[in-house]
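Enquirer: Can you keep this structure in mind? I'll have questions shortly.
The values are calculated or read from the model by the stated rules, or taken from the named source; none is laboratory data. Note that the structure is predicted; figures quoted are calculated from it, not measured. Note: ideal-geometry Cβ built from the backbone for every residue, glycine included; neighbour counts use all protein chains shown.
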Amino acid sequence: MSSGKVGTSGASAMDRMNGKNGSNRLRGKNGARETKKRGEPFLTGEEGGLSGAEEFIGGKHAVLSALQSGRPVHKLWIADSAQKQWADQMEAAARQAGVTVQYADRRRLDQLIGHDRHQGVIAQIAAYEYADVGDILERARASEEHPFILVLDEIEDPHNLGSILRTADCAGAHGVIIPKRRAVGLTQAVAKTSAGAVEHVPVARVTNIAQTLESLKKEGIWTIAAAGEGSQLIHELDLNMPLALVIGNEHRGIGRLVMETCDLTARIPMYGKTESLNASVAAGILMYEVVRQRKLAGGARA
C-alpha cells in the first residue's frame, strides 16, 4: 500500500475515539456521527456526465456485461476464428439487446481497437457516464446498509482502477469517487480490467477530493485514510459503520490536505522486507476487512 505523509488528523480522531465512553469505535454518543440537516445540499463540486467520446471496448466479460447492463452499444464485432460456443452466446446477447453483429477477420478487430488483447470480440459503445456522489449515497440508502465508499486520490494506472472496481463490486461497495484531474478516468482499458464491474459500480468524478470528504462527513460518514504509517492497524478499527476508505496514488500516496481531512489513518500489517503493496492489492485487503467485520456482525444495517 503506497504511503503518504500523515497529517494531524490521526491524533484528533484518536482523541474522539477515546472520549467519555472509552469505546474503540469511531462513533458519537448514540452510535452515529452528527449529520448535516435534512434538505441541505450535498456540496462537493461533483460532476456527472460522460467520460469522453464514443469508443471501443474489448474482452468477453467487458462486452457481455455492457450488453446485459442495458448500456447503449452501437455495434458488435466477433472474430471469424472465435470459438463457436461463446461466439453464439455473445451473438444471442447482442440480438436480444438489438445490437448489430458483424463477423470479421481478427486483424480487423485489432485495427478498430488498437491492440490484439480483445479476446476476439469488441463493441462500439457510448462513452461511460459518471454518477454523482448523491447517487452513491442514495444507492446505500436503498440497500439499507451502512454506506461503504471507496475514495481514490489520484490513481493513475488504468489497470489499478479496473482492478479496484472489480473488487469493489465483489465486496458490495456502494460506489467509487475519483478526482477529475491527475487521475485515470473510465477508459476502455479500465473497463476491460474491471471484467465488467464498471457497468455495475457507480463512479463519481469530483473536482476536489478534500471538499468531498468534508461533505461525506456531514452525511455521517467516517473517513479513513490508508497509509503505510497509519495510526492503527486496519483490523483494530470497528468498520461496521458508515465508511469511506481513502486510497492514495501509486507513488505519492495520499496528498497532505486529503490526509488531514480524514478522521483517521490506518495501515495494513506488513511483515516482509517489501515496504508497500500495489494500490489495487491494498484496496482489496482493506475492502475485505470491511466485509469480514460486517459479516461477523450479522450484516448490521444502518
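Enquirer: In the stretch 82-123, what count of residues is obtained for those that are hydroxyl-bearing (Ser, Thr, Tyr) and modelled with pLDDT of 90 or more?
Expert: In the first step, residues of the stretch 82-123 are kept if they are hydroxyl-bearing (Ser, Thr, Tyr); the result is 100, 103.
With the extra rule that they be modelled with pLDDT of 90 or more, the set shrinks to 103.
The total comes to 1.
Enquirer: Can you name the residue in the stretch 262-284 that is in contact (Cβ under 8 Å) with a residue 12 or more places away in the chain and surrounded by fewer than 16 Cβ atoms within 10 Å (Cβ to Cβ) and is also nearest to Leu152 (Cα to Cα) among such residues?
Expert: Asn278
Enquirer: Listed residues Leu213, Leu186, Leu245, Leu257; which is in a loop (DSSP other than H, G, I, E, B) and either under 18 Å from the mean Cα position of the chain (by Cα) or not small (Gly, Ala, Ser) (or both)? Before the answer, list the steps.
Expert: On the way: Leu213 fails: in a loop (DSSP other than H, G, I, E, B); Leu245 fails: in a loop (DSSP other than H, G, I, E, B); Leu257 fails: in a loop (DSSP other than H, G, I, E, B).
Step by step, each of Leu213, Leu186, Leu245, Leu257 is checked, and only Leu186 is in a loop (DSSP other than H, G, I, E, B) and either under 18 Å from the mean Cα position of the chain (by Cα) or not small (Gly, Ala, Ser) (or both).
Every residue, every condition in (1) modelled with pLDDT under 95; (2) assigned by TED's automatic domain parsing to the domain that holds Ala244; (3) among the acidic types (Asp, Glu); (4) in contact with a Phe, Trp or Tyr (Cβ under 7 Å, 6 or more places away or on another chain), yes or no:
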| position | (1), (2), (3), (4) |
| --- | --- |
| Asp153 | no, yes, yes, no |
| Ile164 | no, yes, no, no |
| His174 | no, yes, no, yes |
| Pro179 | yes, yes, no, no |
| Ala183 | yes, yes, no, no |
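Enquirer: A further question follows. Ile178 versus (1) buried (at least 22 other Cβ atoms within 10 Å of the Cβ); (2) in contact with a Lys or Arg (Cβ under 6 Å, 6 or more places away or on another chain); (3) of a type in the set (Val, Ile, Thr); (4) touching a residue at least 40 places away in the same chain (Cβ under 8 Å): which is the lone unmet condition?
Expert: (4)
Enquirer: Which of the residues spanning the stretch 199-220 are under 13 Å from Val151 (Cβ atoms) and of a type in the set (Ser, Thr, Tyr)?
Expert: Thr212, Ser215
Enquirer: Still on this structure, please answer the following. Out of the strands (runs of 3 or more DSSP E) lying entirely within the stretch 69-161, which hold 1 or more residues that are basic (Lys, Arg)?
Expert: It comes to 73-79.
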